[in-house]
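The values are calculated or read from the model by the stated rules, or taken from the named source; none is laboratory data. Since this is a predicted model, take the numbers as computed values, not measurements. Reconstructed Cβ throughout: ideal geometry from the backbone, glycine too, with neighbour counts over all protein chains shown.
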Amino acid sequence: MVMDMQGGVILGPSILGRSANFSATIFPLRSIMVLETLANVGLLFFLFIVGVEMDHGMIRKTSQKAMVIAIACMSLPFHIGSSTTFLFNGETQVNHLSFVVFMGVALSVIAFRVLARIIAELKLLNTEIGKIAMSAAMMNDICAWILLALAVALVESNSSSTLASFYVIFSSIGFVLMLIFVVRPGIEWFIHRIPNGESFSDYHICLILTGVFVCGFITDAIGTHSIFGAFVFGLIIPKGPLATTLLEKLEDFVTTLLLPLYFAISGLRTDISSVNGKGDYGFFIAIIVLACVGKVAGTLLIALYYKMPFREAFVLALLMNTKGLTEMVVLNVGKDQKD
């Protein structure tokens, strides 16, 4: 991810893209549109994969400790992020409430997939720290995507009409309920119709993948972001052979081909030269520090309250501060709404 981003930054307006001839030759408008389309398709399927990987059964088994830690490690950085919005007075073109939510989500979200892989590599999955971190991160991620959808809804309705905001919110709730009570039973029905020992056909897989696009289209039409539809659709996929098959067929293709395009496009859209002056750099550093301190402090304090040893509490706090693609998605969604 880092190398893909760096490549995009180098080719973008920060370095080589400063030359108009270079940009026009290497990245003409038509090619940028194609790359962005593929990148957005990759993002859609990535969020679907994230939803499929989440075991909501784990949430039902979550201990009170993990739940409180999840609330703490999200609420403190969320409040820190939302509190810094006053520094941007007059610099944003979106309504203040949605900007507050965007800032809060950007600082409080956790990269769930990255965290899961770190815990697996460190062989912590069966330890108390690993279980707490996974459960808390899962709840944190779900809340973050819901809040992000709310922020997008507020922007799309332009806050000029309270009725429009309520329409978007209640339509989104209706969409989620439809997936839970109509679509999920339908998927379970066709799963049970497949004889034991037989694998899912390409028709079934294509049907599910079409559902990803349909759900993305519906939520985009409602006024929330298309990734919200893909994520929720992934959440309602029953855990078992179907989920395993989908991950086997999709994960490598999405993570090795489509997602690097998303990182590269993000780099191409980044202009480091726009950050200039001591004030900008100071603010830039302050945001990074506050984002990390909020996560670490919120988790550490609650872990110590539950009488966890300091070393384990600190390790848990660092795990809950995991950053990755999720933050990039939130920031890009926010930038798209501003543009």
List every residue pair whose Cβ atoms lie under 9 Å apart, where the two residues are 6 or more positions apart in sequence or sit on different chains, the first residue falls within region 315-333 and is farther than 17 Å from Ala133 by Cα, and the second residue, located anywhere, is at pLDDT below 80 and outside any helix (DSSP H, G or I).
-> Leu325/Met1; Met328/Met1; Asn332/Arg269
Looking across region 251-301 at residues that are among the hydroxyl-bearing types (Ser, Thr, Tyr) and surrounded by fewer than 12 Cβ atoms within 10 Å (Cβ to Cβ), the single one that is nearest to Leu325 (Cα to Cα) is Thr256
Residue tally, condition among the polar types (S, T, N, Q), closer than 19 Å to Pro13 by Cβ and in contact (Cβ under 8 Å) with a residue 12 or more places away in the chain, over region 26-55 = 0
State which residue is modelled with the highest pLDDT when the search covers only region 1-39 and only residues that are crowded, with 18+ Cβ neighbours inside 10 Å and in a helix (DSSP H, G or I).
-> Ala39
Is it fair to say Ala264 is of a type in the set (A, V, I, L, M), closer than 30 Å to Ile208 by Cα, part of a helix (DSSP H, G or I) and within 19 Å of the chain's Cα centre (by Cα)?
-> yes
What's the number of the condition Thr322 fails, among (1) in a helix (DSSP H, G or I); (2) within 30 Å of Phe45 (Cβ to Cβ)?
-> (1)
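Check whether at least one residue in region 167-181 is touching a residue at least 60 places away in the same chain (Cβ under 8 Å) and not basic (Lys, Arg), and report yes or no.
No; the residues of region 167-181 include none that is touching a residue at least 60 places away in the same chain (Cβ under 8 Å) and not basic (Lys, Arg).
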The residue that is surrounded by the fewest Cβ atoms within 10 Å (Cβ to Cβ), considering only those in region 105-129 that are under 19 Å from Ile71 (Cβ atoms) and out of contact with any Phe, Trp or Tyr (no Cβ under 9 Å at 6 or more places or on another chain), is Glu128
Look through Ile191, Ile187, Ile222, Ile227 and report the one residue that is of a type in the set (A, V, I, L, M), within 14 Å of Ala149 (Cα to Cα) and in contact with a Leu (Cβ under 9 Å, 6 or more places away or on another chain).
-> Ile227
The number of residues in region 169-206 that are out of contact with any Pro (no Cβ under 8 Å at 6 or more places or on another chain) and assigned to a helix (DSSP H, G or I) is 25
